[in-house]
1. Counting just the residues of the stretch 260-277 that are farther than 17 Å from K229 by Cα and touching a Cys at 6+ places or on another chain (Cβ under 9 Å), which one comes out least open to solvent (accessible area, probe 1.4 Å)?
2. S234: more than 28 Å from P369 (Cβ to Cβ) and without any contact (Cβ under 8 Å) to a residue 40 or more places away in the chain, yes or no?
3. For A639, are the conditions met, namely being under 28 Å from D584 (Cβ atoms), open to solvent by 20 Å² or more (accessible area, probe 1.4 Å) and either touching a Ser or Thr at 6+ places or on another chain (Cβ under 7 Å) or modelled with pLDDT of 70 or more (or both)?
4. Could you grab me the full set of residues in the stretch 502-555 that are among the charged types (D, E, K, R) and open to solvent by 40 Å² or more (accessible area, probe 1.4 Å)?
5. Yes or no: Y490 more than 30 Å from G429 (Cα to Cα), under 25 Å from the mean Cα position of the chain (by Cα) and hydroxyl-bearing (S, T, Y)?
6. Please state which of the following conditions V328 fails to meet, knowing it meets all the rest: (1) under 22 Å from C202 (Cα atoms); (2) in contact (Cβ under 8 Å) with a residue 60 or more places away in the chain; (3) open to solvent by 40 Å² or more (accessible area, probe 1.4 Å).
7. Looking at the stretch 10-35, I want the residues that are farther than 26 Å from D153 by Cα and have a partner that is open to solvent by less than 50 Å² (accessible area, probe 1.4 Å) and not in a helix (DSSP H, G or I) with Cβ atoms under 8 Å, at least 6 apart or on another chain. Which pairs are those?
8. Among the residues of the stretch 541-586, which ones are among the small types (G, A, S) and on the phi > 0 side of the Ramachandran plot?
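The values are calculated or read from the model by the stated rules, or taken from the named source; none is laboratory data. Bear in mind that the values here come from a model prediction, so they are computed numbers and not experimental data. Here the Cβ positions follow ideal geometry from the backbone for every residue, glycine too, while neighbour counts run over all protein chains shown. Just the protein is used for accessible areas: all its heavy atoms, side chains included, with ligands, DNA and RNA removed. Shrake-Rupley method; radii C 1.70, N 1.55, O 1.52, S 1.80 Å.
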Amino acid sequence: MKVIKRDGTFVPFNRSKIILAMQKANLAVEPQHQATDEQIEDIVRGIERRTRERILVEDIQDIVEQALMELGKYALAKAYIIYRYTRALVRKANTTDDTIRDLIHGKNRDVMDENSNKNAATAATQRDLIAGEVSRDLTRRLLLPDHISQAHDEGVIHFHDTDYFLQPIFNCCLINIGDMLDNGTVMNGKLIESPRSFQVACTVMTQIIASVASNQYGGQSVDVTHLGKFLQRSREKINKQVAEDCGHSISPQAQDTLVNTLLRNELKSGVQTIQYQINTLMTTNGQSPFVTLFMHLREDDEYCAENALIIEEILKQRIQGIKNEKGVYVTPAFPKLIYVLEDHNSLQGGKYDYLTKLAVQCSAKRLYPDYISAKKMRENYEGNVYSCMGCRSFLNPWKDEHGNYKFEGRFNQGVVSLNLPQIGLLCRGDDNAFWAMLDERLELCFEALMERHKALKGTKSDVSPVHWQYGAIARLAKGELIDDYLVGGYSTISLGYIGLYEVTKLMRGVSHTDPAGLDFALQVMHRLRAAADKWKQQTSIGFGLYGTPAESLCYRFARIDAERFGQVADITDKGYYTNSYHVDVREPIDAFAKFNFESQFQTISSSGAISYVEIPNMRHNLEALEDIVRFIYDNIQYAEFNTKSDYCHVCGFDGEITVDDDFTWQCPQCGNKDRQQMNVTRRTCGYLGENFWNVGKTREIKDRVLHL
């Protein structure tokens with residue numbers, strides 16, 4: 001018989017633990033109220049005679065209490081109940097001591113490796129991580145209802161970002177950068193007026209990003225086309241200065257050439273400011289801002305020409321990279337880039353195709369930018385095109401009191417994700433049981449999401465002036481509540497999901513790419529979407545379905561389920577679950593077919609959807625990559641590239657990168673050991689999951705040797 005512990009793990013039945021607990025309870029009562037050894041033995045044998053394969057630890061304790069009551073040992077039963085209560089208090093005691101100690105000594109890898117923009121070895125970052133561990137502990141023990149904490153521990157759901165839940169702050173946002181640049185803002189009690197030049201606008205923008213990132217978790221997105229008017233201001237300013245300095249001493253043509261040269265210099269310096277400030281500024285969280293630059297060239301924009309120059313310079317500087325401490329150009333982790341494809345730049349003879357060719361070069365060398373098809377997005381979002389938030393979740397269309405769509409200055413309240421494969425593992429082909437359990441667990445997700453919402457209610461604008469008082473989200477008065485921004489669909493709150501491929505395999509025996517599995521997969525997706533839509537209607541809160549790209553969660557759910565259900569072929573034995581609706585990485589499918597297949601799920605998962613393809617080294621085959629970009633424009637809303645080839649971003653080495661017995665990567669050309677600056681193909685066994693070194697020292701995966 002296996003005992004299911006409170007954390008969802010299984011252990012063999014151990015009779016001695018029951019006997020010991022009853023003996024300790026005996027010591028708390030008078031001799032006449034104690035149970036004899038024979039009576040204790042009879043109770044234990046009664047449990048063993050139940051011959052159940054699995055039994056909850058709480059059920060065992062209930063059986064003991066009932067047996068003592070039947071024996072008339074009421075005082076002893078009370079003592080046993082008190083003993084159980086005392087043990088429960090011990091379980092609820094502080095659990096952070098060991099995790100914090102391991103963090104300080106560099107041993108807590110789960111926390112240290114969680115974010116690519118956090119250097120967990122530095123004191124500033126460690127302070128934030130220590131605070132996060134305290135928040136996580138208090139959230140689990142005190143802030144959340146026990147059944148939600150237990151569901152999180154058992155991998156039924158994942159309550160995201162518990163390390164920040166203690167504070168009344170939200171997840172991701174679209175900074176209203178246009179309003180802040182046009183109308184000014186306040187930082188650290190100092191007035192920042194509207195800039196008068198492009199260079200100053202770039203500096204102010206990065207300061208805003210750092211301030212916003214310091215007062216929330218998750219990512220921020222900014223639309224760089226708001227900078228176009230400031231480049232025009234710089235042109236006018238330079239033109240005036242050149243005219244004053246040179247007078248009639250040079251020809252009009254020479255004057256134009258000089259103005260353009262000086263403007264190009266300011267353009268380059270301004271973009272360089274953005275790139276270097278974002279990568280060198282540290283937020284109060286001890287990390288680089290998790291920021292995305294949104295590049296959407298609109299021909300109806302009066303500053304379209306200026307914005308084309310800005311986007312061109314951003315792409316050129318990203319292609320070049322940033323120098324590391326050794327003076328070698330490397331790929332910076334931030335800012336992330338999103339490039340919008342329109343008719344005029346979709347590589348079909350448009351005026352701005354040259355920009356897209358630059359974007360393709362950048363993708364081939366640096367993997368960014370991601371691509372949004374304006375054509376497909378307009379079909380899905382009421383004719384609108386706008387950026388996702390830093391966490392890749394999308395806002396739902398929302399209109400203000402004047403009937404105008406608004407996206408900038410809006411945010412996400414938080415995320416709770418559902419473990420779909422676990423439902424399949426429990427139901428194993430029983431459709432009635434599956435749909436009933438799915439509905440039950442969706443209601444659990446709703447409860448958990450409402451906890452996120454309630455945690456923000458009653459928050460005053462003073463908690464983050466840059467957000468609530470000075471324009472990033474709103475311009476409220478001091479002491480004013482933010483509650484109006486939590487309802488009416490202004491902000492979103494997200495239901496995430498993991499493992500559509502695995503749950504389809506468990507319930508239908510085939511992948512969701514198989515026609516026999518596709519119908520089931522679409523039913524699941526529509527059921528999830530219907531739940532979010534129902535909650536939105538019931539509460540007026542902006543619930544949405546979010547295809548989260550939380551790779552680490554794919555491993556957490558799979559690890560928990562492997563401990564509970566064992567090694568299930570093609571499910572838990574891989575060490576990971578497939579993200580959201582994605583095709584499993586081991587399926588033989590080409591880039592075009594994958595994007596075409598996954599596009600049908602993006603329209604359902606409208607509050608967050610991204611698809612990616614693994615590609616070989618394309619730096620010497622840009623035409624093939626351009627073909628994929630053309631396909632994106634006509635077929636899928638949001639897409640990105642990963643690479644399958646070995647490549648060192650430090651020195652440009654294009655060959656096989658070695659991995660030693662301790663899972664240390666090292667470039668044979670320059671000696672670089674930074675995993676974030678290398679792409680390494682997973683070879684021989686076909687394992688393509690992220691962070692494979694976390695599987696431990698073993699090289700056995702699916703009983704085959706992992707050759708690296």
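1. By that ranking, first place goes to T273.
2. No, not satisfied.
3. no
4. K505, R508, D514, D519, R527, R529, D533, K534, K536, E551
5. Spelling it out, Y490 is indeed more than 30 Å from G429 (Cα to Cα), under 25 Å from the mean Cα position of the chain (by Cα) and hydroxyl-bearing (S, T, Y).
6. Every listed condition holds for V328 apart from (1).
7. Partner pairs satisfying both residue conditions: M22/A35; N26/A35; H33/K73; Q34/K73; A35/K73.
8. Listed by number, the residues that qualify are G566, G575, S580.
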